[in-house]
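The structure under discussion appears below in the form of structure tokens.
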Amino acid sequence: MLDCVLYKDVMCFSATASFVAGGVLSATGGVLLARTRRNQDLPLASIPLLFGVQQIIEGIVWISFSSPAVNAVAAYAYTLFSHVLWPIFVPLSLLLVEINPARKKLLKAFLLVGTAIGLYLLYLIQTNTIDAQIMNCSIAYPFPIPYPFSTTAFYLVVICGSCFVSSHKTLRILGIAILISFAIATWFYTQTFISVWCFFAAILSIIIYWHFSKNRKV
């Protein structure tokens, strides 16, 4: 137990970390949305806020293990963000801000694949029990996924590929950062990489604020 406490303090995976990250990201996202002038920018600008909500939900998962009903609801809500929302919302938000016609076509393809992945994972979530578990001082949300390697590969390609296709340099940098964080989460936190990767991605979503500030859209 002492090792877990020390490990958690070093790596910052805890209810406190989730609530703090959620609060900061929600506030940042709220400011960004308030300052966003164009309707097509709103989905992209809302990503930090959505990550903030997701991190707050995970904070609830952390503190609700003694209340199974609350924990179950929070775990399902979290997986809807991590497994269903992001593979659809990321390519959609990047498509809406893209101005290059050729890149738009590629982003539409990513959106189509992302939508298929999101709906497939939604079906699996609805037909299985999500039993959140603390493992290695982070949280796992296990449920059976047929062909997990292929599903994860397509998921990663949709998220990072959409960023790489963007004509905006800051969004390509975001894609590189997300890819690196995926590698770290997969290598060091195999059983809980979804939770850890989402935590890293949530922090990295601050780059979106930089993107809008750099382009003087906020």
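A short reminder: the numbers here are calculations on the coordinates, not readings from a lab. Computed from a predicted model, the values in this text were never measured in an experiment. Cβ placement follows ideal geometry from the backbone for every residue including glycine, while neighbour counts extend to all protein chains displayed.
Numbers at a glance
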read-out: Condition check for Tyr155: surrounded by 17 or more Cβ atoms within 10 Å (Cβ to Cβ) and either under 19 Å from Ile57 (Cα atoms) or of a type in the set (S, T, N, Q) (or both); value: no
read-out: Condition check for Ala116: small (Gly, Ala, Ser), more than 16 Å from the chain's Cα centre (by Cα), under 17 Å from Ala74 (Cβ atoms) and surrounded by 13 or more Cβ atoms within 10 Å (Cβ to Cβ); value: no
read-out: Condition check for Leu96: touching a Pro at 6+ places or on another chain (Cβ under 9 Å) and buried (at least 20 other Cβ atoms within 10 Å of the Cβ); value: no
read-out: Subset of the range 23-47 that is crowded, with 23+ Cβ neighbours inside 10 Å and either of a type in the set (Asp, Glu) or more than 16 Å from His168 (Cβ to Cβ) (or both) - its residue that is farthest from the chain's Cα centre (by Cα); value: Gly29
read-out: Checking Arg103 against (1) surrounded by 21 or more Cβ atoms within 10 Å (Cβ to Cβ); (2) over 15 Å from Cys198 (Cβ atoms), the condition it does not meet; value: (1)
read-out: Whichever residue in the range 178-203 is closer than 20 Å to Leu95 by Cβ and free of Cβ contacts under 8 Å to residues at least 60 places away in the same chain and, among such residues, is surrounded by the most Cβ atoms within 10 Å (Cβ to Cβ); value: Ile178
read-out: Helices (runs of 4 or more DSSP H) contained in the range 39-138 and holding at least 2 residues of a type in the set (Gly, Ala, Ser) and within 20 Å of Phe19 (Cβ to Cβ); value: 47-63, 68-79
read-out: Filter result (in contact (Cβ under 8 Å) with a residue 12 or more places away in the chain, surrounded by fewer than 19 Cβ atoms within 10 Å (Cβ to Cβ) and not hydrophobic (A, V, I, L, M, F, W, C)) within the range 204-218; value: Lys214, Asn215, Lys217
